[in-house]
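Encoded as structure tokens, the structure appears first; notes follow it.
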Amino acid sequence: MTDVVFDAATLVTQLVGDRADGWDRDGRLPAKLVRSLAAKGLLCAQLPTLYGGMGLSSMQNGELTAHVGSLCSSLRSLMTSQGMAAWTVQRFGDAQQRMAYLTQLTSGSLAGVAFSEPSAGSDLSAITTSIHAHGDTIVVEGGKVWVTGGDYADLLVVFGRYANGVAAVMVPVDAPGVTIRRVSDPLGCRAAGHADVRLDTVRLPADALLGGAGLPMEFLITAALTYGRLSVAWGCVGIMRACLKATTRHASSRKQSGKPLADHQLVARHLAELLVAEQAATRCCQEASRCWDSGSADLGAAVMVAKHFAAGSAARCAAAAVQVLAGAGAIDGHPVARAYRDAKLMEIIEGSNEICQLLLSKHALAVWS
Ligand code: FAD
């Protein structure tokens, strides 16, 4: 860990302390804490310092994301959304939009990213939200679901149909016609403020529309998702590190049949598999971040491998961790119980396991057949 990442990670450790389980049970993060992290540029730490970001590389941001993920997946989820929103503006905004929106995101404002709709989940080509230009006004009409951080957000990056393609528009949540409804009692990442959003004839100034409007869906949405997938993958590494910490401590201290659990070979196997999964997922994430930082054409595939492998590994590791702790971990509020619920969701978001497999199989055919 470089010094700057170490300092940021130390700050997050101090701020989170031992409160993540309570936040999870309450279904809410302290808004003041989240905004103070946003104001330090820590939730979108890859942004250049010009915009108030920390200017971290993808590799450094990944290590920071894993650290936050090891403490609290709800907070890490907000970090993923904020970073994805920032990356979308950085990638598609013009100079004025970048300066206006990105400095907002590093001054304490929070953002969510809205792709999914009731009838468009895995298949985003089915989105029906429309974005129209009327003179110097943009009108947005539609509905979005499951927007991470939507309940905390000041701004939403909303993707919708525009001309023959897709566009992304910056929607302030206090614009007339925007209604936010919190998703109640999600399975995991319970404090991440997931929300459904109604957009009823929302009128915005023309400069709310980001560049690339009307381009094919794959171009705009894939760019945003690539950031999100890599961030989720690093977050999964964090979940595995939290599971390793909890299981190794418990297995060394708890005795059954006259010896520590760790000395029972079937328990020791769980520990070994946890370690291998964490190490292998870390290497996949490092390779993807290396591709990001070097501008490699292999980025898309490397990110997909990292996301798919890390999410599946985190789900299996969290299940193994609950198994090792057994009665001690099978309690709402215990870190491994939280990891078990949070990790399962990582197999659904930013491209479900099945969608990742379909995309990876196409890559395998292209490269190996
Ligand atoms: P469906 O698309 O209905 O899929 C159901 C099942 O069928 C899945 O197992 C899927 O893999 C499988 N399936 C679907 N199509 C195929 C196929 N062609 N081949 C094989 N299998 C298939 N959305 C946002 O826009 N912004 C967010 O911030 C956001 N955050 C989220 C956070 C959480 C915790 C969750 C649960 C969801 C979030 N989502 C968000 C929505 C998320 O992107 C979708 O849930 C996801 O894309 C899956 O869509 P779906 O739930 O409609 O499932």
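Residue-wise HN-Hα couplings along segment 312-329, as the Karplus relation 6.51 cos²θ - 1.76 cosθ + 1.60 with θ = phi - 60° gives them from phi, are x, 5, 5, 5, 5, 5, 5, 5, 5, 5, 5, 4, 5, 7, 6, x, 5, x Hz; Gly and Pro carry x.
Which of rounded, prolate or oblate describes segment 182-312 when judged by the alpha-carbon gyration tensor and an a/c cut-off of 1.5?
Oblate shape, in that a/c is at least 1.5 and b/c is the bigger or equal ratio.
In order along segment 238-245, phi translates into HN-Hα couplings of x, 4, 5, 5, 5, 5, 4, 4 Hz, rounded to whole numbers, per the Karplus curve 6.51 cos²θ - 1.76 cosθ + 1.60 with θ = phi - 60° and x for Gly and Pro.
Rounded to the nearest 10 degrees, the angle from helix 73-92 to the longest Cα principal axis of the chain is 30 degrees. Computed across segment 111-208, the Kirkwood radius stands at 13.4 Å (inverse of mean 1/r, all Cα pairs). Dimensions of the chain based on its C-alpha atoms, expressed as ranges along the principal axes with the largest first, amount to 78, 53, 41 Å.
Give me the percent of accessible area attributable to carbon and sulfur for the chain, probe 1.4 angstrom. Please report the intermediate quantities before stating the final value.
Values: 8690 of 15670 Å².
Exposed carbon and sulfur together represent 55 percent of the surface.
State whether segment 3-105 is rounded, prolate or oblate according to the following rule on the C-alpha gyration tensor (a ≥ b ≥ c being the square roots of its eigenvalues): a/c under 1.5 gives rounded; otherwise a/b larger than b/c gives prolate, and the remaining case gives oblate. Here segment 3-105 falls in the prolate category.
What accessible area per residue, rounded to a whole number of Å², is obtained for the chain using a probe radius of 1.4 Å?
Accessible surface, normalised per residue, equals 42 Å².
In the elastic network of the chain, a GNM with C-alpha springs shorter than 10 Å, the most mobile of GLN82, GLN97, GLN14 is GLN14. Between the helical axis of 3-16 and the longest alpha-carbon principal axis of the chain there is an angle of about 80 degrees. Rounded to the nearest Hz, the phi-derived 3J(HN,Hα) couplings of segment 180-194 under the Karplus curve 6.51 cos²θ - 1.76 cosθ + 1.60 (θ = phi - 60°) are 10, 10, 4, 6, 8, 6, x, 4, x, 6, 5, 9, 7, x, 4, where x marks glycine and proline. Separation of segment 54-71 from segment 186-210 is 25 Å, based on Cα centroids. Cα axis of helix 58-71 to longest principal axis of the chain: angle in degrees, 0 to 90, nearest 10? The angle comes out at about 60 degrees. Shown here are the Rg and Dmax of the Cα trace of segment 282-339, at 15.7, 48 Å.
Springs between Cα atoms under 10 Å define the GNM used for the chain, and in it the highest mean-square fluctuation of LYS40, LYS32, LYS344 occurs at LYS32. Take every pair of alpha-carbon atoms less than 8 Å apart whose residues are at least six positions apart; their mean separation over the length of the chain yields a relative contact order of 17 percent. Taking every lysine pair in segment 217-368 that is 8 or more places apart or spans two chains, those with Cα atoms closer than 23 Å amount to 6. Spatially, segment 120-168 and segment 277-349 are offset by 29 Å when compared through their Cα centroids. Within the listed set PRO205, PRO48, PRO30, the Gaussian network model of the chain (springs between alpha-carbon atoms below 10 Å) gives the highest mean-square fluctuation for PRO30. Rg over Rh for segment 246-360 works out to 1.08, both radii taken from alpha-carbon positions and Rh defined as the Kirkwood radius.
Among DSSP bridges having both ends in the chain, what percentage is antiparallel? Round to the nearest 5. In the chain, approximately 85 percent of DSSP beta bridges are antiparallel ones.
The values are calculated or read from the model by the stated rules, or taken from the named source; none is laboratory data. In this text the structure is predicted, and so the values were computed from the model without any measurement. Heavy atoms of the whole protein, side chains included, go into the accessibility calculation; ligands, DNA and RNA do not. Shrake-Rupley method; radii C 1.70, N 1.55, O 1.52, S 1.80 Å.
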